[in-house]
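Remarks on the structure that follows.
All of the numbers you see were taken from the coordinates with simple rules; none came from a lab. No experiment lies behind these values; they were computed from the predicted model shown. Here the Cβ positions follow ideal geometry from the backbone for every residue, glycine too, while neighbour counts run over all protein chains shown.
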């Protein structure tokens, strides 16, 4: 029974540490799920635009592309490539090398 008492005592003495650890784990899980959901949402919007042939929306996106971060531009490029089979996205290796070298 001494080992269990030591574990409970350790947890109670370091409750703030375990609380922080739990909050960090929950935050990481939520951000990961949110990060995975963003491309799916973008793909859905792009698919609807492609199906409707909404040229005004496409033109608006192209006009705003200059104000976006490189990451957002990359996400749009890959979402459009997924929705439009004529446009093929770059492979992961090429994107990784371009990112390291800072090539657009």
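Brief remarks on what is shown
- Segment residue 50-residue 22, length gained on full extension (0.36 nm per residue, minus Cα span): 5.8 nm
- Residue 7-residue 65 pseudo-label distance in nm [points 7 Å out on the Cα-to-Cβ vector]: 5.7 nm
- The alpha-carbon positions of region 2-101 define a convex hull whose volume is 185 Å³ per residue.
- Cβ-derived FRET efficiency at R0 30 Å, residue 31 paired with residue 77, nearest 0.05: 0.85
- Sorted by Cβ neighbour density within 10 Å, fewest at the top, the residues 98, 55: 55, 98
- Relative contact order (%) - region 2-101, alpha-carbon pairs under 8 angstrom, separation at least six: 23 percent
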